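Every read-out reported here was derived from the displayed coordinates using simple, explicitly stated rules and does not represent laboratory data. Computed from a prediction, not measured in an experiment: that's the story for all the values here. Glycine gets a Cβ as well: all are built from the backbone with ideal geometry, and neighbour counts include every protein chain shown.
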Amino acid sequence: MSPLVQSQGAAFTKIYSLGAARGDTAVSNDDIAGPIDSSDEWIRQRTGVIERKRSSAGEGVIDLSVRAATEAIERAGIAPSDIGAVIVATISNPVQTPSLAALLADKIGATPAAAYDISAACAGYTYGIAQADALIRSGAARYVLVVGAEKLSDVVEPTDRSISFLLGDGAGAAVVGPSDTIGIGPTLWGSDGSKWDAVGMNKTLKEAFDDREGGFPTLRQDGPSVFRWAVWEMAKVAKNALEVSGVTAEELTAFVPHQANMRIIDEFAKQLGLPEKVLIARDIETTGNTSAASIPLAMHRLLAEHPEASGGLALQIGFGAGLVFGAQVVTLP
Amino acid sequence: MAHTTEEVLAGLAELVTDETGIAADQVTLEKSFTDDLDIDSISMMTIVVSAEEKFDVKIPDDEVKNLTTVGEAVEFITKAQA
């Protein structure tokens with residue numbers, strides 16, 4: 001009998017590069033204030049959002065994904081065929097199956113890479129980075145493409161005052177690969193399904209099918225409950241992520257939280273007691289909340305505006321529908 | 001040690017001032033957080049979490065929705081201390 005072989009991969013991993021794509025249309029607060037009986041001032045004060053980027057009808061979530069992935073792969077200096085796995089975190093794939101990842105892998109020439117989607121909402125990208133890190137260190141893949149991609153404008157209700165007006169469209173991509181030094185710290189992740197109803201779709205597909213006039217399912221949230229969890233519970237997770245990584249807040253170059261709401265970002269940073277010098281990603285101001293895409297988009301922008309931050313340490317944390325969360329300290333590419 | 005109603009009101013008013021800049025003497029028992037003091041839901045939650053720490057009580061999310069006026073919040077916190 002032949003002995004069974006178990007794979008073994010690289011000792012360490014890192015993020016090689018990022019890519020970004022935002023919806024092709026800037027949507028101002030004035031553009032959406034009418035149906036929610038609101039105003040530019042009301043929206044800015046409660047969310048910090050000045051405008052969100054949304055895709056026009058002809059731009060699908062796959063188009064955003066291809067743009068972001070292509071940039072990340074080019075910047076990584078690898079060939080698409082070097083990619084062993086394509087992971088897409090999304091809640092807005094227009095079909096329940098097949099996956100967005102399989103289509104993306106084919107379109108960018110990363111075949112026959114393993115390809116699958118993750119449903120972890122706004123934490124999806126951090127789940128993807130955790131998986132990429134594990135896949136590479138176990139030898140299941142040498143390079144992994146992780147993409148957070150959303151066309152949330154497909155699942156918004158214009159009259160909803162709880163979340164719709166925050167949402168934008170975009171995709172952020174990362175190439176993860178082997179490294180001589182530690183580039184991805186331990187992942188702190190988890191879930192709290194007791195708050196399953198706090199944020200998510202307002203009805204099932206079956207209910208929508210049975211009541212055609214009621215329209216498609218759209219996103220809703222219990223804002224105050226989510227705010228409390230996102231700040232005070234997630235602050236504990238973020239502190240633990242620093243601790244298990246052996247990193248102090250003073251050693252961080254950047255803090256890149258999920259771009260849920262500027263009020264959450266500001267209060268979160270306050271609870272963490274971050275030193276002044278730590279750069280805080282605030283991409284939500286002009287991109288909106290893009291769920292799984294928000295962290296890579298925000299990190300991509302932060303690096304474009306602060307190229308000197310490259311090589312420094314960033315704490316990234318995603319949190320959202322499930323409820324689910326994931327955090328890790330990474331070396332900025 | 002449990003705080004008196006007057007102490008809870010004074011402490012709560014301080015938290016409201018910290019979060020919103022509203023003068024403490026405006027925070028009186030009959031005032032509605034949203035209608036009179038114009039406090040939005042996110043600021044309200046920040047005040048609630050601060051109040052939990054200050055008075056060492058638990059104010060569940062479902063309960064927050066019932067605390068319409070300052071007086072209702074003061075009453076809840078005072079009883080919860082017991």
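General remarks:
- For segment A:115-169, the set of residues classified as in a helix (DSSP H, G or I) and of a type outside the set (A, V, I, L, M, F, W, C) consists of A:Gly124, A:Tyr125, A:Thr126, A:Tyr127, A:Gly128, A:Gln131, A:Asp133, A:Arg137, A:Ser138, A:Ser153, A:Asp154, A:Ser164, listed by residue number.
- Odd one out for A:Ala173 among (1) in a helix (DSSP H, G or I); (2) within 26 Å of A:Val329 (Cα to Cα): (1)
- When A:Asp160 is tested against (1) closer than 19 Å to A:His258 by Cα; (2) surrounded by fewer than 22 Cβ atoms within 10 Å (Cβ to Cβ); (3) of a type in the set (D, E, K, R), just one condition goes unmet, and that condition is (1).
- Any chance B:Asp25 is within 14 Å of chain A (Cβ to nearest Cβ), of a type in the set (D, E, K, R), part of a helix (DSSP H, G or I) and more than 12 Å from the chain's Cα centre (by Cα): no
A quick yes/no check of all residues on (1) away from every other protein chain (no Cβ under 14 Å); (2) over 17 Å from A:Lys151 (Cβ atoms); (3) among the β-branched types (Val, Ile, Thr):
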residue: A:Phe255; (1), (2), (3): yes, yes, no
residue: A:Met262; (1), (2), (3): no, yes, no
residue: A:Asp266; (1), (2), (3): no, yes, no
residue: A:Ala269; (1), (2), (3): no, yes, no
residue: A:Gly273; (1), (2), (3): yes, yes, no
residue: A:Val278; (1), (2), (3): yes, yes, yes
residue: A:Thr286; (1), (2), (3): yes, yes, yes
residue: A:Ala292; (1), (2), (3): yes, no, no
residue: A:Ala298; (1), (2), (3): yes, yes, no
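- Number of positions in segment A:56-72 that are crowded, with 24+ Cβ neighbours inside 10 Å and under 29 Å from A:Ser38 (Cα atoms): 1
- Listed conditions (1) in contact with a Ser or Thr (Cβ under 8 Å, 6 or more places away or on another chain); (2) within 28 Å of A:Leu303 (Cβ to Cβ); (3) within 14 Å of chain B (Cβ to nearest Cβ) are all met by A:Ala230, apart from (1).
- Top-ranked residue in segment A:266-301 [being hydroxyl-bearing (Ser, Thr, Tyr), closer than 17 Å to A:Ala174 by Cα and in contact with an Asp or Glu (Cβ under 6 Å, 6 or more places away or on another chain); ranked as surrounded by the fewest Cβ atoms within 10 Å (Cβ to Cβ)]: A:Ser291
- Any hit, segment A:276-288, residues being outside any helix (DSSP H, G or I) and of a type in the set (Lys, Arg): yes
- B:Ala51 vs. criteria among the aliphatic types (A, V, I, L, M), within 14 Å of chain A (Cβ to nearest Cβ) and under 16 Å from B:Thr4 (Cα atoms): yes
- All conditions but one from (1) farther than 30 Å from A:Gly273 by Cβ; (2) touching a helix residue (DSSP H, G or I) at 6+ places or on another chain (Cβ under 7 Å); (3) in a loop (DSSP other than H, G, I, E, B) apply to A:Pro186; the one that does not is (1).
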